[in-house]
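Read through the structure below, which is laid out as structure tokens, and then see the notes.
The values are calculated or read from the model by the stated rules, or taken from the named source; none is laboratory data. Note that this is a predicted model, so its numbers are computed, not measured. Here the Cβ is made from the backbone with ideal geometry for all residues, glycine too, and neighbour counts use every protein chain on show.
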Amino acid sequence: MSANPVPLEYMKPEDRGVVVDMSGDPCHLKRLQEIGLQVGCNVRMVCPGKPCMICVEGRRLSLRLDEKAEIFVAPDDESQS
Amino acid sequence: MKPSKKSVALIGNPNTGKSSLFNALCGMSARVGNYPGVTVEQKIGSLLDSPDPIDVIDLPGTYSLAARSADEAVTIDVLCGVQPGVPRPDAVVVIVDATNIERNFYLLSQVLDLSLPTLVVLNMWDRVVEEKHRVDVETLSQRLGVSILCTTASRRDGVIAVRKAIQQLVAPNSTSYAPKHSPREQFPEVFKKESASLRQKLAELQHPVPAVEVDRILIDKDGHFQQKMAKLELPGLLDEIESARERLSTAGCKIPLFETKHRYQWVREQIAGLVDRPPANQSSSSDRIDRWLTHRWVGMAFFIALMFVIFQSITLLAAWPMGQVEELQGWIQGWVEQVVAPGPLRSLLQDGVIAGIGGVLVFLPQIVILFLFIAILEDCGYMSRAAFVVDKLMSAIGLSGRSFLPLMSSFACAVPGIMATRTIDNARDRMVTILIAPLMSCSARLPVYVLMVSAFVPDDRYAGGWLSLQGIVLFLMHCVGALVAIPVAWFLRKFFFPGQASTFLMELHSYKWPSPYVLFQRVWERASAFVTRAGTLIFCTSVLVWAAGYFPGDTAPLTAAQKKIATLQAELDAATAEGSEAVSSQLAQAEEELNLARSALIDASFLGMAGKWIEPVVKPLGWDWKIGVATIASFPAREVIIATLGTIYSLGAEEDEESEGLKAQMKAEKWEDGRPVYSLATALSIMVFFALCAQCSATLLVIRRETNSWRWPIFSFVYMTTLAYLGAYLTYTIASAWGLAA
Ligand SMILES: Nc1nc2c(ncn2[C@@H]2O[C@H](COP(=O)(O)OP(=O)(O)O)[C@@H](O)[C@H]2O)c(=O)[nH]1
Ligand SMILES: [Mg+2]
């Protein structure tokens, strides 16, 4: 787990990782957290882009973030190679 | 003791099986859906097998009590007992998706703060067993201090235990189910202090509010409860709330994110060591389907192709049943002719009732097929993928994929479509969606298109008979409204509801086979609504139009001519071979008289007088006065046009065409100079007019209700009717220039 965190939008299909940081408008972030996307959860990119589709703990979410929001993901080792 | 009826509310995240459990508990049916936000209004049923009557309320699904959209506001209002018409529930049943306990318990932690007697139901237990999760239900129940039951609502497993538990939950003096502790106790001390002092202040202002609501006022910036407080206009209150938030944030308690932090922490403490689940990040077959269906181009092409196939199949599949219904209609016409003597009664039955309502009911097969397709798409989980695909387009005009689901259900009917906009959390997006939803081509337009298309578009087939020109035109007509909606939405968003572009966040539930029960129920619901409308609203309009077309002219020549024909017919049957020739020519002459009497009657009628008046207005659209009158009569409900055209042409029809149905009568209509009234250009202009016009009182009323003002229904009516007139005019002009008017 030594890899540097990358923003969510740089993940490629099938990249996996753990959310390490979220920043942006607090109200917007709160909604993401309530639907299950929070620091410490496992994510997998299914379909990158705007909007993107990700798999969060086995649930599929589609999201288009507002401009200011950033989600950083620490990639899993295996998906790095 | 108040003897009033007890009630319990079902609450949970979307798609956890609330509606399924509701149906299993009550044996009644709320709609069950596989996309977020089918339950837009709370449904109430009564618990089966209960000695005392207990109401069960099915609430819209939500991830949190921090209400953002209108349907989430309904949920929290019901739970707090402030929703008009619904008493505060005596107990809550929280339905938890047992395969995703951590996230679902976030909502549970908020519900426990309400201190209502609570029951937790772990639903989807079949999947827990199948996917080998481990949940220590017993210990979990002890930690939470509420009882927990496991169910598989879709198979009705464990439902009887839930019924028993609900009865105990609301029984008088039952304390065993009230939650022992409230997660809000773990909030930081500073927050609890601010909340208490705000509560004190509200009480001093003669407005006591429960602690939980005060929390929500403080935490949710510009949220539902803050807006409510703003409406009360208590002096200095909003400033007080704002400064309390500032004090909190300097004290290190960040509004609103501290709530998720503390609640998730509480959840982790509760489930620590009790819940294990297999790693869920493997790709599944659902993913492989999704990769194609949500691909930027492939997904879009698939969606358009799907819609195309649907409208092709409507034309192909409905032809046979439609023919059968038409035959039946002709048979009843003949029967009435034999049984009822000529006169006003026969005319009312034949021209008013059978030609009117019958003409509309002929289209039931098409409508059923359309509803079936929409229900299948909604229930299998494809709709939320389509929403994902179109989000890119929608964001270009300032909307989000969220608006797609209501718009798509407006293709069946705009009324539930507009109600479904309650799931849109951005208020501006919601308004724009409400205003463009009536432009989507609803099922009431389908009969109009089918009538025009089947009468005036040639039945050319391509690709070995699988592709029909009529189906293509039908599909294109359904695109007209949607295409016009794009600039309208852009315009509205830019000039009427300006603001930041909205974000998009939606859970995509996994695909499943649509349940036949759900499909049947939904098609039944809509089809019976269609038939009821035909029996009530359309019936009344038909009778009115008939009366307006029959009176006040002199009906004596008509009745005389009909009697003469009847006697001549009898003579003809009795006459010998050489006598029959003379009788035949007399008969032909009598029929001529009858036709003259018919058109004289309708020309002299109220309808004819009104028609002469509007003819100049509709002439540029390529219409004659009869189409104009029929269109005006169909402003309360657009499918009325079929009934009114049926009545008008049946009244004025030439005798020998009467039994051949509306299509033949339309083709036989002539201008005074002998040209046929209907050409392809006229048919297209009628269809475009109907595609764009706001001819539905039910829709306007629901816009009034959802926007709480008369301004927006009037606005919709004016802009749509103007567009319709311009669109029809352009269509007729262009089609005529192309030579389609001959
Ligand atoms: N496997 C499984 N599926 C269920 C269960 N309960 C409901 N479902 C399905 O989950 C979907 C959502 O159900 P619904 O009642 O509409 O959920 P709601 O959104 O919470 O009202 C439907 O397709 C149901 O058939 C269950 O116990 N097990
Ligand atoms: Mg539901």
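A few notes on this one:
- Number of residues in the stretch B:497-508 that are away from every other protein chain (no Cβ under 14 Å) and surrounded by 13 or more Cβ atoms within 10 Å (Cβ to Cβ): the value is 1.
- Listed by position, the strands (runs of 3 or more DSSP E) contained in chain A that have at least 3 residues being within 7 Å of chain B (Cβ to nearest Cβ) and of a type in the set (Lys, Arg) are A:59-64.
- Condition check for B:LEU594 on (1) within 24 Å of B:ALA668 (Cβ to Cβ); (2) aliphatic (A, V, I, L, M); (3) touching a strand residue (DSSP E or B) at 6+ places or on another chain (Cβ under 8 Å): one failure, at (3).
- Close Cβ contacts (under 6 Å, 6 or more residues apart or on different chains) running from residues in the stretch B:7-29 that are within 14 Å of another protein chain (Cβ to nearest Cβ) to residues that are within 11 Å of ligand 2 (Cβ to nearest atom) and not in a helix (DSSP H, G or I) comprise B:GLY12/B:ILE95; B:ASN13/B:GLY61; B:PRO14/B:PRO36; B:PRO14/B:GLY61; B:THR16/B:ILE95.
- Here the condition is being crowded, with 20+ Cβ neighbours inside 10 Å, in a helix (DSSP H, G or I) and out of contact with any His (no Cβ under 6 Å at 6 or more places or on another chain); of B:LEU451, B:LEU483, B:LEU476, it holds for B:LEU451 alone.
- Count of the stretch B:272-301 residues which are in a helix (DSSP H, G or I) and within 14 Å of chain A (Cβ to nearest Cβ): 12
- Matching residues in the stretch B:413-441 - criterion: being crowded, with 23+ Cβ neighbours inside 10 Å and among the charged types (D, E, K, R): B:ASP429, B:ARG430
- Evaluated against (1) in contact (Cβ under 8 Å) with a residue 24 or more places away in the chain; (2) in contact with a helix residue (DSSP H, G or I) (Cβ under 7 Å, 6 or more places away or on another chain), B:TYR719 falls short on exactly one condition, (2).
- Count of the stretch B:693-718 residues, restricted to those that are within 18 Å of the chain's Cα centre (by Cα), closer than 30 Å to B:GLU669 by Cβ and assigned to a helix (DSSP H, G or I), is 1.
- Total residues in the stretch B:607-628, condition in a helix (DSSP H, G or I) and free of Cβ contacts under 8 Å to residues at least 60 places away in the same chain: 15
- The residues on offer are A:VAL6, A:VAL18, A:VAL43, and the sole one that is among the aliphatic types (A, V, I, L, M), touching a residue at least 24 places away in the same chain (Cβ under 8 Å), touching a Cys at 6+ places or on another chain (Cβ under 8 Å) and surrounded by fewer than 20 Cβ atoms within 10 Å (Cβ to Cβ) is A:VAL18.
- Sole residue being within 16 Å of ligand 1 (Cβ to nearest atom), at pLDDT below 85 and more than 27 Å from B:LYS228 (Cβ to Cβ), chosen from B:GLY33, B:GLY17, B:GLY37: B:GLY33
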